[in-house]
Amino acid sequence: MATETAAGTTAGTTTGAGRRSGLGESAPRPDGTLKVTGEFAYSSDLWLEGMLWGATLRSPHPSAWIRSIDVGPALAMPGVFAVLTHEDVPGEKFYGLDVRDQPVLAVDQVRYQGEPVAIVAADHPETARRAAAAIVVDYEKREAVTDPRRAAFDPSCPAVHPEGNLVRHQPVRVGQTFDAEVVVTGEYEVGMQDQAFLGPESGLAVPAEDGGVDLFVATQWLHVDQDQVAPCLGLPKEKVRLTLAGIGGAFGAREDLSMQVHASMLALRTGRPVKMVYGREESFFGHVHRHPARMRYEHGATSDGRLVYVRAEILLDGGAYCSSTPAVVGNAASLGVGPYEVGNVWIDAYGVYTNNPPCGAMRGFGAVQACYAYESQMDRLAAACGLSPVEIRVRNAVSQGSRLATGQVIDSPAPLADMLKELAAMPLPTEPADERPDLRLLPGGVAQTTHGEGVRRGVGYGVGIKNICFSEGFDDYSTARVRVELAGAEPHVLVHTAAAEVGQGLVTVQAQIARTELGIAKVTVAPADTAVGSAGSSSASRQSYVTGGAVKTACEAVRARLDALRAAHPELSLEEVLERFGPVEETREYRHRPTFPMDPVTGQGDSHTQLALCVHRAVVDVDVELGLVKVVELAAVQDVGKILNPLALEGQIHGGTAQGLGLALMEEIQVRDGRVLNPSFTDYLIPTILDMPPMRVSVLENPDPHAPYGLRGAGEPPTLSSTPAVAAAVRAATGLDLSRVPIRPEDVALSPVAR
């Protein structure tokens, strides 16, 4: 599939509303029209008669002891039904994805600005907010640990947690040759990026007659929420029932808990439904962010550009709590040299605790940070060897049969060299020839900061490799229940999974799989909830693989039973079989092939299920007088194994590319001394439709024999390669040695002498 589109338009094969589409077609999304018209029900739209509103009091300090909490002023306010602190947590006081180190409500200390200290339920949201503000907390401020390098390596640094500041150190050691004819070194930094989803954290907790709670919430992983919420409430898991509410984006930030335990505690205490909705500022404090990174790299090569060795130190700031930092470190370490053949590797990847905001999952998950550094190094190496950025990458590109730095063999198609050549052959956009160019096409746009003077064009390339599905021995699986029955006079398929639809189009794909496998047009995908087995998280580009595999397997089991019934009764049609014998239902779990933990000393091991490649070319115009950047065009080539839904796939490539562009040029949570300076969309900048350029997209289909339908997860790889491509293009335009993203205007504005 090759398309050329402008951001915000649609392209590819579309299907009419009345058509029932199988795999390979752009089936219409059942939620698409509702979202466009504003009728879609998001979690923040939930409502029940008699419900209360919850609010959270958060710490203003990044590090402090709590000496006392006085809830009396809040309880005295009319309309307040409950004010709870850590003393009111009915079960376990701590939770967490990998390590249960995060308090439901702060116990004796706070470790980051925004940490929840108390919660309130009231009959009006404003009353709840005022009551939370009325709670009096006596803090004793203490030194905040905000420098990750000091946290990792300075023995005199205070410990953020009793066990110390190191979350994980993962080495990778291969070979013994660390000298070469050409050597380039660099230090790189990636800022803290926010997922910036448009729908803030929200949900509704409803107390149940059995003493349990029904929680309707926007999340990425229903069952892991249940696993964490139930112990904190002191309830068995079966009494904590979760149903997925409408989600306005996720990108990793909804893997961790936010308001789930708080709303449930308030509902159980008051006996009333409790709704919690974060405002935008609170959302910045209420979820994890992308790990900021500091990286040191050294690449050695022969004079003709063949890699000999790579040394790297990757330091990831995990913030105040563990979240998914161990897995992020594992990805950064295992993919730290990129998709290149190199026989000698010495990597040290670290994740550390600090008193900065907690960091966890975000699209690309550790691979993004490393990709920016190793791709910047490849450009330096190309210059040192007198080669083009494309040629240096082609000469070192992995292919099927290559080994990663971890020793894992790439055992499915990996045509990276061909992808690069195809990308380089795409036509470049023409430069404006008009003496009075369209201002909308220039840096600064209609603000008329320039009429073309001081504007320089640059072209850059980026390559990324991303693991798909969970890694390092995690029991990664999904469950699907498929039922075929008569609905009136027609056969009907009901698909039920716990997989979270976070905007990626998973509901559509599940229905497409059912239609393809069963040949029945009428398919309904039931709301995701914990009444069916776990589907794992909607992250790691894994749901099409594992939940798609589960739906496929369950459909095959249903089809086998239907075929047996029809073979035994050849005189009956499918409708007659269902009428006589009733519904046919099967539940199946699907697991991908096993993975293994990385060796703690050498980093060796088959740690990943599947690997995906994407390559980008960026063309930018830079006003070197004012430091303004206009991305003129982005081109991408990605291998997805098998296209399930062309239009949805293209949307994923566009969306992932946009987030990579944002990281390259504008997106950063500004943190100073542990305090967030820009918790709003006024000051935290994300790309708009005016910032996204036209895109050329070429999608390749080289099936992975180990995956359902040969597919390859596609959501994350574009985020990796777009960031270094844009950064490289800005370097090419300015001649500056830019080593940090996002690139700020002051980084690229040249002095009059330099111009």
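Only helices at least 24 Å long along their axis, Cα-based, and averaging 0.5 or more on Kyte-Doolittle count here, so list those DSSP H runs from the chain. Sorted by number, the helices that extend far enough and score high enough are 646-665, 717-734. Evaluated on segment 410-456, the Kirkwood hydrodynamic radius is 13.9 Å, with distances taken between all distinct Cα atoms.
Once you have a ≥ b ≥ c as the square roots of the Cα gyration tensor eigenvalues for segment 250-387, tell me rounded if a/c is under 1.5, and otherwise prolate or oblate according to whether a/b is larger than b/c. Kindly include the intermediate steps, with their values, before the conclusion.
Values: a/c = 3.85, a/b = 3.32, b/c = 1.16.
Judged from the Cα gyration tensor, segment 250-387 comes out prolate (a/c at least 1.5, a/b above b/c).
Sparse packing (at most 16 other Cβ atoms within 10 Å of the Cβ) combined with a DSSP loop state is found for the following GluC sites (Glu not before Pro) in segment 540-578: Glu571.
Taken over the Cα atoms of segment 496-630, the convex hull encloses 220 Å³ per residue. With R₀ set to 45 Å, the beta-carbon distance separating Asp70 from Phe474 gives a calculated FRET efficiency near 0.55. By the Kirkwood approach, averaging reciprocal distances over each pair of separate Cα atoms, segment 454-529 gets a hydrodynamic radius of 15.9 Å. Provide the solvent-accessible area of Arg515, counting protein heavy atoms only and rolling a 1.4 Å probe, rounded to the nearest 10 Å². About 40 Å², ignoring ligands and nucleic acids.
Note on Thr524: accessible area is roughly 60 Å² with a 1.4 Å probe, heavy atoms of protein only. Based on alpha carbons, the Rg and Dmax found for segment 328-432 are 16.3, 49 Å. For Arg294, the accessible area of its heavy atoms, probed at 1.4 Å with every protein chain present, is near 90 square angstrom.
Can you list the chymotrypsin sites (Phe, Trp or Tyr not before Pro) in segment 362-432 that are in a DSSP coil and have 14 or fewer other beta carbons within 10 angstrom?
Counting only loop positions with at most 14 other Cβ atoms within 10 Å, none of the chymotrypsin sites (Phe, Trp or Tyr not before Pro) in segment 362-432 qualifies.
Normalising by the residue count of the chain, find the relative contact order in percent from Cα pairs under 8 Å and 6+ residues apart. This gives 17 percent for the chain.
Normalised by the number of residues in segment 429-535, the average gap of Cα pairs under 8 Å and 6 or more apart makes the relative contact order 22 percent.
Heavy-atom accessible area, probed at 1.4 angstrom with all protein chains present, ranks Tyr461, Tyr278 as Tyr461, Tyr278, highest first.
What shape does segment 123-163 have by the C-alpha gyration tensor, where a ≥ b ≥ c are the square roots of the eigenvalues, rounded means a/c under 1.5, and otherwise prolate means a/b greater than b/c and oblate the rest? Taking the square roots of the gyration eigenvalues as a ≥ b ≥ c, segment 123-163 is prolate. Extent of segment 442-493 along its three principal axes (Cα atoms, max minus min coordinate, largest first): 69, 42, 17 Å. With θ taken as phi - 60° and the Karplus curve 6.51 cos²θ - 1.76 cosθ + 1.60 applied, the whole-hertz 3J(HN,Hα) list for segment 248-253 is x, x, 8, 6, x, 6 Hz, x standing for glycine and proline.
Computed over the chain, the per-residue total of -39500 (n - 2.57) for DSSP H runs of n ≥ 4 gives a 222 nm mean residue ellipticity of -8000 deg cm²/dmol, rounded to 500. Against the compact-protein benchmark of 2.2 N^0.38 Å, the Cα-based radius of gyration of segment 347-403 scales to 1.54.
Along segment 347-362 the Karplus relation, 6.51 cos²θ - 1.76 cosθ + 1.60 evaluated at θ = phi - 60°, assigns HN-Hα couplings of 10, 10, 10, 10, x, 10, 7, 9, 9, 7, x, x, 10, x, 7, 8 Hz to successive residues, with x for each Gly and Pro. Full extension of the chain between Asp179 and Leu166 yields a length gain of 1.6 nm, computed as 0.36 nm times the residue separation minus the alpha carbon distance. Take every Cα pair under 8 Å whose residues are at least 6 apart in sequence, average their separation, divide by the length of segment 110-187, and the relative contact order is 15 percent.
Each principal axis of segment 614-694 carries a Cα extent, and these read 47, 32, 20 Å when sorted largest first. In plain terms, the C-alpha convex hull of segment 132-248 casts an average shadow of 14.9 nm² when viewed from every direction. In this structure, the amide hydrogen of Val277, modeled 1.01 Å from its nitrogen in the peptide plane, lies closer than 5 angstrom to those of Gly54, counting only residues at least 5 positions away or on a different chain.
Within a Cβ distance under 15 Å of Thr37, other residues only, what is the Lys/Arg minus Asp/Glu net charge?
It works out to a net charge of -1.
Beta-bridge orientation, segment 294-394: approximately 45 percent antiparallel, per DSSP, counting only bridges with both partners inside. Cross-link partners for Lys642 among the aspartates and glutamates, with Cα-Cα distance under 15 Å and sequence neighbours closer than 8 places in the same chain left out: Glu25, Glu650, Glu701, Asp704. Determine the shape class of segment 391-509: with a ≥ b ≥ c the square roots of the Cα gyration tensor eigenvalues, call it rounded for a/c under 1.5, and otherwise prolate if a/b is greater than b/c, oblate otherwise. It is oblate, given that a/c is not under 1.5 and a/b is not larger than b/c. Remark: segment 208-219, residue by residue, has Karplus-estimated 3J(HN,Hα) of 10, 5, 7, x, x, 9, 10, 10, 10, 8, 8, 8 Hz, where x stands for each Gly or Pro and the curve is 6.51 cos²θ - 1.76 cosθ + 1.60 at θ = phi - 60°.
Average projection, convex hull of the Cα set of segment 176-307: 12.3 square nanometres. Rounded to two decimals, the Cα-based Rg/Rh of segment 465-505, with Kirkwood Rh, is 1.18.
When the Cα positions of Ser402, Met598, Val726 are compared along the charge dipole of the chain, Ser402 comes out farthest toward the positive end, with charges on each C-beta of Lys, Arg, Asp and Glu.
The Rg/Rh ratio for segment 494-545, using Cα coordinates for both the radius of gyration and the Kirkwood hydrodynamic radius, is 0.95.
Considering every alpha-carbon pair of segment 575-709, the percent of pairs per 5 Å bin, from zero through the bin containing the longest distance, is 2, 7, 11, 11, 11, 12, 12, 12, 9, 5, 3, 2, 1, 1, 0, 0.
Note on segment 638-755: Rg/Rh from Cα positions, Kirkwood definition for Rh, rounded to two decimals, is 1.08.
The values are calculated or read from the model by the stated rules, or taken from the named source; none is laboratory data. Every value quoted in this text rests on a predicted model; they were computed, and no experiment measured them. Reconstructed Cβ throughout: ideal geometry from the backbone, glycine too, with neighbour counts over all protein chains shown. Areas reflect the complete protein model, heavy atoms only, side chains present, ligands, DNA and RNA absent. Shrake-Rupley method; radii C 1.70, N 1.55, O 1.52, S 1.80 Å.
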